[in-house]
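Enquirer: Here you go, one structure.
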Amino acid sequence: MKKKLLTTVASVVMLSSVLTACGGNNKNEASPSASASTPASNSPSESASAPASVERFDVSLRHIQIGELQKFRKAILDEVVKKSEEEVPGANFELDAVEDSFNRWTKLPAEMAAGNPPKIFDVFGGPAEGQKYARANKLLDLTPILDELGIKDKFTDTSTFNVDGKTYGLPLGASSEGWFYNKELLEANGIAVPKTLEELEAAFETLKGKGITPIAMGSQAAWVPFMLVNTLIARYAGPDIQAGVANGTRKLTEPEVVAAFAKYEEWIKKGYFTKGELGIDYTGQTNEFIAGKTAFLFDGTWRASTFSPEGVGKSLNGKVGYFAFPAVTGGKGDQTAVNYNQNNGYAFSSDVNDNEKAAIKAFIKNLYSEEYQVRGFKEDGVLPSMKVDASKLTSEDPVMKEVLANNAAAGTVFPHFDSLVAGPVNGEFEKQIQNLIAGKSNPQKAVEAIQQAQDKELAALK
Amino acid sequence: MNKTLRNPYVYLLFVLPTIGLYGLFFIYPVIQSAYYGLTDWNALTTANFIGFGNFERAFQDDDFWISVKNNMFFILFSVFLQVPLIILFSLLISGVKRLQGFYKTTVFMPSILSTSIIGILWGFMYHPSIGFFNKFLSWFGIEPIYWLSDTKWALLSILITNAWQWMGFYIVLVLAAILAIPKEINEAAEIDGATGFQRAVRITTPLIMPVISIVVMLSIAGAMRVVDIVLVMTNGGPAGATEVMASYMVNKAMKYGEYGYGTALSIMIFAIALLLTAIYQIVFARRQERVEY
């Protein structure tokens, strides 16, 4: 009995390995039937026009468009991949979906260290990521490709992907960060849309008094609360604070920055954020807002599509409004400034052969087009990262309309710290924000610790 | 043939392949790690030799010492709470006449589950609004506890989960030792009028001391290298409250690309683990007498 079983298992293993080998042979050629039929053809003209057998090659593509929340962006990516595969004979894009922060903080850095990143991958710009990889010669210089495709001047800003005048990455879209609010909840509690910081805080207080959590917050990953802190700092210390701190001309220890942190701490202490926020992730934060448990959500404009009739938060369709962070009395600089980021996009491995380069070129040509910039905007609320005919950027979506109106009213824009400072500084920022939430730090201590990390980085550069 | 076998070099020839593999996969990486620990290697650019700079930094790195402290909590929890419970459950299971196999399998089950599954499962149980624990507490009118997001509770929550995962494995070890004790010894004690409790404390427990000693040592070693359950459940959060040495090292090396510093930390973790195990061996394990029935 035992022997029989062993024989059966052995034959199954042998058979399957033989079959796998056969399958492998087939896979290496894009159109084996075409190549086989060519010699059998009678007409010489026909045989000349028949496509020659093309070696099939794989192009690995790492993206972060996973889950229901990203379904519109994934659809665009699939279309671009299909088009590119049709244009480049033999190209087979191998899609590898990885969750955003895991890709950003764990997988991609490890692959970069090991020297085997995917050929095409999602990456963030700035000295902590994209520029660091570019300086280590891990990224493909896109300047000649952009010249060849004639789209070099089409991008509004690729600065966080530039090193020494060369471009190494292309932002997929742009975004602003501001307040989303639940219209029904505000109306039900007799709250008008806040125009000033005082009105906003009064709204928080009213909601809190009625047992409703004012702001949805999931701070398990610190980049989520960092969005709000980043804008608070710009309101109190001016829209040039991020760039100033990054180049050393300004300090986080300035009283205005401390005031911004103090305001944030005050909101924490008053219980304006979701209880247990340090254990809630980003999806959890969105869900809190969708469920109508909270009235406000500070998030990127990419969240707008969530509330469309097809979005995950369709229950809130037509019931969500958006406004930029209100002016702060006594705040420095332009109080209408909005945050504007073009820091996430695709970059490409420097280790590519001619075939892969051709596939990459097709991918860039197809993805970075006006068509997809407009579609990304209309379907998904992603603001364009390229110069697009303004007349095409209209939206029927009520939230997107408000986003556009708010951005149009902005005098200037300011970036996010994480696109300008080095990794350890960003890490210290995140640590201090979480410590503030946990009550383990105070505004003064927090800014001093971050500035110290930044001073160290600046000193290392000299 | 006999002549060949008398030549000591022949034996060397036999062990050479193994030594080669051992060298390639163990000795070489250890030496390489020791070297990288002395550099500022970021895995992207050339490594610069910086002497003991990384170690100096580690000694001044408060966050690292917090993570060391958390590992110590794991050890204390394992040795002073987990081990007594392991002995108690083993004694109870060894005493049951029926369904002993069922109990053995049941307690062993968690240790064959993947840590990710356990992390997610317990994550649900600790959920502030729908979790089992808070539901239970709410029957007594107790306010919800934010188990995994409150800095006061997070580490304890992970300690409990970790204990649940590994206790069964040790119980089976101890149980095997208990069942190996000759029945006559306990029977003789019973005839002499010893109660069940007295027999457990005075007869069984001393006889299984060597196994308990191994369980304690394994617990210490396990507590030193714990990381997976932390990464799955809290990723070191909230605000670093559950950061352990290994998760801190992984974060420094991977997230911030400080591979040189990360390597130095891993050497320190190794040294701390070695030190603690040595202390345990010298102070406690050596005192154990050999048990002969």
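Enquirer: Leaving out same-chain residues fewer than 8 places away, which lysines sit with a Cα under 20 Å from that of A:Lys269?
Expert: Candidates past the 8-residue exclusion: A:Lys208, A:Lys210, A:Lys293, A:Lys431, A:Lys440, A:Lys445, B:Lys152.
Enquirer: Which entries of A:Lys107/A:Lys357; A:Lys132/A:Lys195; A:Lys138/A:Lys456; A:Lys71/A:Lys361; B:Lys97/B:Lys135; A:Lys83/A:Lys392 have Cα-Cα distances beyond 30 Å here?
Expert: On the way: A:Lys107/A:Lys357 23 Å; A:Lys132/A:Lys195 41 Å; A:Lys138/A:Lys456 25 Å; A:Lys71/A:Lys361 25 Å; B:Lys97/B:Lys135 35 Å; A:Lys83/A:Lys392 23 Å.
Pairs exceeding the cut-off: A:Lys132/A:Lys195; B:Lys97/B:Lys135.
Enquirer: With a Förster radius of 41 Å, plug the Cβ-Cβ distance of A:Glu266 and B:Phe270 into 1/(1 + (r/R0)^6) and report the FRET value to the nearest 0.05. Kindly include the intermediate steps, with their values, before the conclusion.
Expert: Values: r = 45 Å, r/R0 = 1.10.
Efficiency at R0 = 41 Å is approximately 0.35.
Enquirer: Taking 0.36 nm per residue of sequence separation and subtracting the Cα-Cα distance, how much length would be gained by fully extending the chain between B:Leu88 and B:Val201, in nm to one decimal? Intermediate values should be presented prior to the final figure.
Expert: On the way: separation 113, 0.36 × 113 = 40.68 nm, distance 1.03 nm.
The B:Leu88-B:Val201 span can extend by a further 39.7 nm.
Enquirer: Report the local net charge at A:Asn407: Lys and Arg +1, Asp and Glu -1, summed over other residues whose C-beta lies under 12 Å from its C-beta.
Expert: Result for the neighbourhood of A:Asn407: -1.
Enquirer: A further question follows. Just to check I understand the Karplus step: with θ = phi - 60° and J = 6.51 cos²θ - 1.76 cosθ + 1.60, what whole-Hz values come out for segment A:323-331, glycine and proline as x?
Expert: Taking θ as phi minus 60°, the curve returns 8, 6, 4, x, 5, 10, 4, x, x Hz for segment A:323-331.
Enquirer: Moving on. Let me have the 222 nm mean residue ellipticity of chain B computed from DSSP H runs of 4+ only, each contributing -39500 (n - 2.57), with the sum over all residues rounded to the nearest 500.
Expert: That calculation yields -20000 deg cm²/dmol at 222 nm.
Enquirer: As a check on your grasp of the helix formula, calculate [θ] at 222 nm for chain A: sum -39500 (n - 2.57) over DSSP H runs of n ≥ 4, divide by the residue count, round to the nearest 500.
Expert: Calculated mean residue ellipticity at 222 nm is -14500 deg cm²/dmol.
Enquirer: Please identify every one of the chymotrypsin sites (Phe, Trp or Tyr not before Pro) in segment B:88-174 that sits in a loop by DSSP and has no more than 11 other beta carbons within 10 Å of its own beta carbon.
Expert: Passing both the DSSP loop test and the Cβ count: B:Trp139, B:Phe140.
Enquirer: Of the beta bridges DSSP finds with both residues in the protein assembly as shown, what % are antiparallel, to the nearest 5?
Expert: If I count the DSSP bridges inside the protein assembly as shown, around 60 percent turn out antiparallel.
Enquirer: Whole angstrom only: what separates the Cα centroid of segment B:207-285 from the Cα centroid of segment A:174-227?
Expert: 42
Enquirer: Let me ask something else about it. Taking Cα centroids, how far is segment A:354-382 from segment B:1-60 in Å?
Expert: So the separation of the two Cα centres works out to 48 Å.
Enquirer: What is the extension gain from A:Ala291 to A:Lys152, computed as 0.36 nm multiplied by their sequence separation minus the C-alpha to C-alpha distance, in nm to one decimal?
Expert: Result for the pair: 45.7 nm of gain on full extension.
Enquirer: Please give, to one decimal in nm, the separation of the simple spin-label points placed at B:Val30 and B:Leu81, each 7 Å out from Cα toward the Cβ.
Expert: With each label placed 7 Å out from Cα toward Cβ, I get 3.5 nm.
Enquirer: Highest first, please rank the peptides A:73-83, A:128-138 by the mean number of other Cβ atoms sitting within 10 Å of their residues.
Expert: A:128-138, A:73-83
Enquirer: Determine the distance separating the Cα centre of segment A:397-462 from the Cα centre of segment A:65-103; give it in Å without decimals.
Expert: Between the Cα centres of segment A:397-462 and segment A:65-103 lies a distance of 30 Å.
Enquirer: So, one more: Taking θ = phi - 60°, what integer Hz values does the Karplus form 6.51 cos²θ - 1.76 cosθ + 1.60 yield along segment A:431-438, in sequence order, with x for Gly and Pro?
Expert: Here the 3J(HN,Hα) series is 5, 5, 5, 5, 4, 5, 4, 7 Hz.
Enquirer: Here's something else I'd like to know. Which far-off residues, 5 or more places away or on another chain, put their amide H under 5 Å from the one on A:Val163, with H placed in the peptide plane?
Expert: Counting only residues 5 or more places away or on other chains, the set is A:Tyr168.
Enquirer: Enumerate the residues in segment B:167-182 having an amide nitrogen under 15 Å from the point lying 7 Å beyond the Cα of B:Phe108 toward its Cβ.
Expert: The answer is B:167-180.
Throughout, read-outs are computed from the coordinates displayed, never taken from laboratory work. Quick caveat, the model's predicted, so the values are computed rather than measured. When we count neighbours, we look across all protein chains shown, and the Cβ atoms used for this are built from the backbone with ideal geometry, even at glycine.
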